[in-house]
Amino acid sequence: MNIAIDKKDIKEVYETSIVQQTAFWSEVKTQQGLQSKAFNFKVSNEDIYHDALTNTYTHADFLVLLQPLDSEHSVAYVPYGPEIEPNEEYQGKFLEELSENLRAHLPKKCILIRYDLAWESHWAKENDSFDESGIWNGPPEKKYQEFRFNINTTNWNLKKTNSDILPSNTIFLDLQKDESTLLNSMKPKTRYNINLSHRKGVNVTRVGMENLHVWYALYQETAIRNRIHINDIEYFRTVLSARAEDTASPAEVELLLADSDGQPLAAMFLVIAGQRGTYLYGASSSSNRNYMATYALQWEAMKIAKNKGCLEYDFFGVAPQPDPAHPLYGLYKFKTGFGGELYHRMGCWDYPLDTEQYHRFIAAEMQSQGYHL
């Protein structure tokens, strides 16, 4: 397999529905202190697809974020990229060849490339990976995942990470239906809660930077309630303020606030890129939860995305199955109520460039709460 790679200007990154692979996301991460690079690549379709026509090629690109670890070493991270998805038996070889060609374009002491793959999990495509009720059993142990993924590679160097950075399980909702059909496709309880929120007087509005402090107070309350890491307010300021209109892959960000009689109840970031609306961050108050403000918020976000021409809505993160012990089980129950299809991604895979330093990095990562780009 031969893959030709060339560095490109971030402004020329192709339009995509994957927010994390846009010039907009590069701008967000640059404001947050990370360096980003973009690359074009060309690969023969015969090397990545079944029954491909002879002498045809795929031209695509991907965005890489560079995270310094110390004064010398760094990590290259590819969030939800590359976007193109080769047929399963070619995927490992494709990433191996891509990584070896990318090596020369990265800092000399970059110790690994971490691909956060948005590709569908191999183990979500097979009937025997689901139980009699249609519930996904999940992927097998790491060693079996690695064996299957590295078939056809030369170096057998692709390693499954111990945890994923971006959500590996989500729900995609088709927005090409009319609003009444979307409502009728929801679970009765979800539809009831949307109507209840309206009867309770919940109002959803688009707000701007002047209300970022309102969002952040709700976010802090949510993080403390759910015992999750709290980002600084500046993290969210960059997402709301970043602009990429002069690029080939901009994105729109909407900060939506649900309130009742002026009391903030819930808020969320909706990002629109390409033909997809993504629910990126959400927060809610512990007070007046019986107002069902989060239901009104999601329904409004779906309608906004639809009216802006989006074909699908990404709920961005759920438990992989209805397991009450899973920390995202509550989100699974909430988000599945709106309809849509559960989608299981491959998640994070590493391609070590320096084996010794890589083992040190993994050992340190397991002892920490993880680094998140």
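The values are calculated or read from the model by the stated rules, or taken from the named source; none is laboratory data. Please read all numbers here as calculations on a predicted model, not as lab measurements. Every residue, glycine as well, gets a Cβ built from its backbone with ideal geometry; the counts of neighbours run over all protein chains shown. Heads up: the accessible areas ignore ligands, DNA and RNA and are worked out on the full protein's heavy atoms, side chains in. Shrake-Rupley method; radii C 1.70, N 1.55, O 1.52, S 1.80 Å.
Scan region 147-161 for residues that are more than 22 Å from the chain's Cα centre (by Cα) and touching a residue at least 12 places away in the same chain (Cβ under 8 Å) and jot them down. 148, 150, 151, 152, 153, 154, 155, 157 - these are the residues of region 147-161 that are more than 22 Å from the chain's Cα centre (by Cα) and touching a residue at least 12 places away in the same chain (Cβ under 8 Å).
Give 7, 11 a once-over and let me know the one that is outside any helix (DSSP H, G or I) and surrounded by fewer than 16 Cβ atoms within 10 Å (Cβ to Cβ). Result of the check over 7, 11: 7. Just so you know, in region 144-172 the residues that are closer than 24 Å to residue 48 by Cα, touching a Lys or Arg at 6+ places or on another chain (Cβ under 9 Å) and not polar (S, T, N, Q) include one that is surrounded by the fewest Cβ atoms within 10 Å (Cβ to Cβ), and it is 151. Within region 88-108, the only residue that satisfies the criterion of being open to solvent by 60 Å² or more (accessible area, probe 1.4 Å) and in contact with a strand residue (DSSP E or B) (Cβ under 7 Å, 6 or more places away or on another chain) is 105. Is it true that residue 26 is touching a residue at least 12 places away in the same chain (Cβ under 8 Å), within 24 Å of residue 235 (Cβ to Cβ) and open to solvent by 10 Å² or more (accessible area, probe 1.4 Å)? So residue 26 fails the test.
Looking only at region 313-351, which residues are part of a loop (DSSP other than H, G, I, E, B) and either open to solvent by 10 Å² or more (accessible area, probe 1.4 Å) or among the hydroxyl-bearing types (Ser, Thr, Tyr) (or both)?
316, 320, 321, 322, 323, 324, 325, 326, 327, 328, 339, 340
Please go through region 312-333 and pick out each residue that is closer than 18 Å to residue 280 by Cα and in contact with a helix residue (DSSP H, G or I) (Cβ under 7 Å, 6 or more places away or on another chain). Selection gives 313, 315, 317, 318, 319. When each of 101, 87 is tested for being in contact with a Phe, Trp or Tyr (Cβ under 7 Å, 6 or more places away or on another chain) and modelled with pLDDT of 95 or more, the lone residue that passes is 87.
Which of the residues belonging to region 234-261 are outside any strand (DSSP E or B), within 17 Å of the chain's Cα centre (by Cα) and over 29 Å from residue 287 (Cβ atoms)? 249, 250, 251, listed by residue number. Applying the set (1) within 14 Å of residue 37 (Cα to Cα); (2) within 19 Å of the chain's Cα centre (by Cα); (3) part of a loop (DSSP other than H, G, I, E, B) to residue 106 leaves exactly one unmet item: (2).
Mind checking which residues of region 223-242 are modelled with pLDDT under 95 and open to solvent by 50 Å² or more (accessible area, probe 1.4 Å)? It would help to see each step written out before you state the result.
Within region 223-242, the subset modelled with pLDDT under 95 is 223-231.
Result: 224, 225, 226, 227, 228, 229, 230.
Closer than 25 Å to residue 277 by Cα and assigned to a helix (DSSP H, G or I): which single residue out of 171, 194, 165 fits that description?
Working: 171 fails: assigned to a helix (DSSP H, G or I); 165 fails: assigned to a helix (DSSP H, G or I).
Unique residue meeting the criteria: 194.
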